[in-house]
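One structure is given below, encoded as structure tokens.
The values are calculated or read from the model by the stated rules, or taken from the named source; none is laboratory data. Note that this is a predicted model, so its numbers are computed, not measured. Note that each Cβ is placed from the backbone with ideal geometry, even for glycine, and that neighbours are counted across all protein chains shown.
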Amino acid sequence: MLNRSKQSCVLLRLTLASILAVSIILGSASGTHDVNYSSSPEEVILTPGLSFAVETYSGISSRLEGLSIREESLLRQSSYNYKVVSGDREIGRITLTCQDLRHGALLFYVESRNLTANNHMCQGRLTLLGPHPTEGKTLVYPDGKRVVGQSTWDYISPTQLISQLPPGIAFLDGEAKSMVFGPVDQFRYMGNGVYQEVNTFPISVGRDPDRSEFSFPLADTREGIIRFWGIIHNKQLVAWEDEALVSSIQRADLNKTRKFWLDGVYDLVPSTYQPTHPLAFWRCPAQHVGRLFLTKTSPFTYAIAVSSMYSAIRTQNRSGYWPTEPQSEWLAEEYGFGPNFYDTRFNTDVAQYLLEAYQEYGDETALNAARRYADFLCRFANQHAYRSKNGGYLVPDYQAATGEHRTHTSLNHLLAEMNFLYYMYLATDEVEYRDTADMMLLAVKDTCDEWIKESGELWYARLPNGDYGYQDYPTLTLNDLRQSQDIITRISGHPDPDLARLISSKEAYNRANGIPLW
């Protein structure tokens, strides 16, 4: 039997859907999953053979306060909201959210908020019927340090598969099911959209001959937020023989250097942002992981890309952009900015992602969100850009929440904005997008010589006073220039000579100084 004391205390198994259950048929012919009543009032049926429940002890109980369902073209989202009480006193909240992607994969998200109790008094449990997972992998770091891009793969040992998974992400494969369990993280909210990781709990594993149970805490003696997510499929989520795919998943690192959640991917907070902490995370508007995964053919990457697409759509503000919530100390010192500012590069990156997601998946809501941002960007450029000698648009990189915008213009931001508007023009035939992009191109052409240093390196930015300054990125601007040349050649039928000169100068500088070209 599973190792659980049933005599030491009265066990009240309280589920996150005591009257409703999500019944999922993975890989069905229709490709859809239906909401049905569970045969057992104690279990939420996530998939055939996999259920989820909340276990509580010592007088703690939970009360269902609502269920919400949202239909999208690529997924159905069901959210169950519970209040956890001790007697008549509320001690926290728990939410279970399921995203059925209609193509066999199910994402689930479990969150507890301010549930202050011993972590053995309230825990989540996943029960897997049938064959046990037989293989597992996780990500580890050199010397235990969290360095972006430096994680490596490690096998989860057979002993851990039957006792306790290592804290962190776990990719589990078995005969009947493939699963990814994200880390069970506890966070402290620091304000301005920043969450500090304060603990990561291991998942306990117990086994009977015909089932496996995965248990994790939903409470802690310290106030905070506990988050746990996972993906389940009846086919293998990751083809481990696909080196490019595996490398992309490793690069995304949704474990210790990035966190995945319902509202998108969170990155480690830069030290120049406030609030900040070495273990704090913020939701970067750009959603680079979702875009990275767009063209990767696996059930795992598809699930992350689709979920991130919808989270980007939902978090777009009424003006049409995505604010950076933390305060940039550099922008505060240089230009007097506070939190919730507009960053043109991060915003243009996420809008480009939504356009590409529309082209990949055909969901009109993604195109509409990209269009809302394109409209905002055109207005911002028309109203606030500096003008080059022939009237071209040198668009400021940032705008404060107050509306102040007199900042520098970096070449990479300007090129990314121009490229995006050209792509939107090709996708929609909207002339305003091409006209605005043409004005940005005119500004680049008018200032071409001024961007090039004597060494051949490019300046990073044109400053508000018209001077040039700051150190350029090794390859980011160069790749933006190449993309600009490619799309302008597609539209006009020939490459632009000024872009060619900037590309040639940057490439020559990189070669001479041992800097990669890509």
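Could you tell me how many of the residues in the stretch 118-151 are out of contact with any strand residue (DSSP E or B) (no Cβ under 6 Å at 6 or more places or on another chain) and either polar (S, T, N, Q) or modelled with pLDDT under 90 (or both)?
Total satisfying the criteria: 12.
Run down I515, I503 and say which single residue is at pLDDT 95 or above and either surrounded by fewer than 14 Cβ atoms within 10 Å (Cβ to Cβ) or out of contact with any strand residue (DSSP E or B) (no Cβ under 8 Å at 6 or more places or on another chain) (or both). So that I can check it myself, show each step before the final result.
Values: I515 fails: at pLDDT 95 or above.
On inspection, the qualifying residue turns out to be I503.
Check whether at least one residue in the stretch 153-163 is over 28 Å from the mean Cα position of the chain (by Cα), among the β-branched types (V, I, T) and in the same structural domain as G130 (by TED's automatic domain parsing), and report yes or no.
yes
Considering each residue of the stretch 115-140, count those that are assigned to a loop (DSSP other than H, G, I, E, B) and surrounded by fewer than 17 Cβ atoms within 10 Å (Cβ to Cβ), and give that number.
4
Inspect all residues belonging to the stretch 253-268 and state whether any of them is in a loop (DSSP other than H, G, I, E, B), acidic (D, E) and outside the structural domain of L75 (by TED's automatic domain parsing).
Yes, there is a match, as at least one residue in the stretch 253-268 is in a loop (DSSP other than H, G, I, E, B), acidic (D, E) and outside the structural domain of L75 (by TED's automatic domain parsing).
Report yes if S307 is surrounded by 23 or more Cβ atoms within 10 Å (Cβ to Cβ) and either closer than 29 Å to R251 by Cα or in the same structural domain as H408 (by TED's automatic domain parsing) (or both), otherwise no.
yes
Would it be correct to say that A500 is under 30 Å from E334 (Cα atoms), more than 32 Å from the chain's Cα centre (by Cα) and not in a loop (DSSP other than H, G, I, E, B)?
On the way: under 30 Å from E334 (Cα atoms): no; more than 32 Å from the chain's Cα centre (by Cα): yes; not in a loop (DSSP other than H, G, I, E, B): yes.
So A500 fails the test.
Give me the pairs, please: first residue somewhere in the stretch 172-200 and within 28 Å of L129 (Cβ to Cβ) and among the polar types (S, T, N, Q), second residue anywhere and modelled with pLDDT under 95 and part of a strand (DSSP E or B), beta-carbon distance under 9 Å, and either six or more positions apart or on two chains.
Listed pairs, sorted by first residue: S178/P133; S178/I232; S178/H233.
Here is a yes/no grid of residues against (1) without any contact (Cβ under 8 Å) to a residue 60 or more places away in the chain; (2) over 22 Å from P323 (Cβ atoms):
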residue: L411; (1), (2): no, yes
residue: L414; (1), (2): yes, no
residue: Y423; (1), (2): no, yes
residue: V431; (1), (2): yes, yes
residue: R434; (1), (2): yes, yes
residue: M440; (1), (2): yes, yes
residue: A443; (1), (2): yes, yes
residue: W459; (1), (2): yes, yes
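Kindly indicate which of T436, T407 is within 22 Å of T489 (Cα to Cα) and over 27 Å from the mean Cα position of the chain (by Cα).
T436
Please work out which residue is nearest to V54 (Cα to Cα), limiting yourself to the stretch 85-114 and to residues that are outside any strand (DSSP E or B) and touching a helix residue (DSSP H, G or I) at 6+ places or on another chain (Cβ under 8 Å).
In this case the residue turns out to be A105.
Checking the conditions here, which among F187, F228 is closer than 22 Å to L50 by Cα and at pLDDT 95 or above? Show your work before the answer.
Details: F187 fails: closer than 22 Å to L50 by Cα.
Among F187, F228, only F228 is closer than 22 Å to L50 by Cα and at pLDDT 95 or above.
Results for (1) assigned to a loop (DSSP other than H, G, I, E, B); (2) under 20 Å from E111 (Cβ atoms), shown as yes or no for each residue.
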{"residue": "W153", "(1), (2)": "no, no"}
{"residue": "Q160", "(1), (2)": "no, no"}
{"residue": "P167", "(1), (2)": "yes, yes"}
{"residue": "L172", "(1), (2)": "no, no"}
{"residue": "F187", "(1), (2)": "no, yes"}
{"residue": "M190", "(1), (2)": "no, yes"}
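Given the residues W282, W322, W261, W330, which is the only one that is modelled with pLDDT of 95 or more, aromatic (F, W, Y) and touching a Gly at 6+ places or on another chain (Cβ under 8 Å)? Can you show your working first?
On the way: W322 fails: touching a Gly at 6+ places or on another chain (Cβ under 8 Å); W261 fails: touching a Gly at 6+ places or on another chain (Cβ under 8 Å); W330 fails: touching a Gly at 6+ places or on another chain (Cβ under 8 Å).
Step by step, each of W282, W322, W261, W330 is checked, and only W282 is modelled with pLDDT of 95 or more, aromatic (F, W, Y) and touching a Gly at 6+ places or on another chain (Cβ under 8 Å).
Report the residue count in the stretch 70-109 for those that are over 15 Å from D220 (Cα atoms) and under 25 Å from the mean Cα position of the chain (by Cα).
Selection size over the stretch 70-109: 27.
What are the residues in the stretch 339-359 that are among the polar types (S, T, N, Q) and in a helix (DSSP H, G or I), if any?
T344, N347, T348, Q352, Q359, listed by residue number.
Have a look at Y398, Y423 and point out the one that is surrounded by 20 or more Cβ atoms within 10 Å (Cβ to Cβ), closer than 25 Å to Q471 by Cβ and either within 25 Å of the chain's Cα centre (by Cα) or not assigned by TED's automatic domain parsing to the domain that holds N347 (or both).
Step by step, each of Y398, Y423 is checked, and only Y398 is surrounded by 20 or more Cβ atoms within 10 Å (Cβ to Cβ), closer than 25 Å to Q471 by Cβ and either within 25 Å of the chain's Cα centre (by Cα) or not assigned by TED's automatic domain parsing to the domain that holds N347 (or both).
Out of the stretch 426-478, which residues are surrounded by fewer than 14 Cβ atoms within 10 Å (Cβ to Cβ) and of a type in the set (V, I, T)?
V431 - this is the single residue of the stretch 426-478 that is surrounded by fewer than 14 Cβ atoms within 10 Å (Cβ to Cβ) and of a type in the set (V, I, T).
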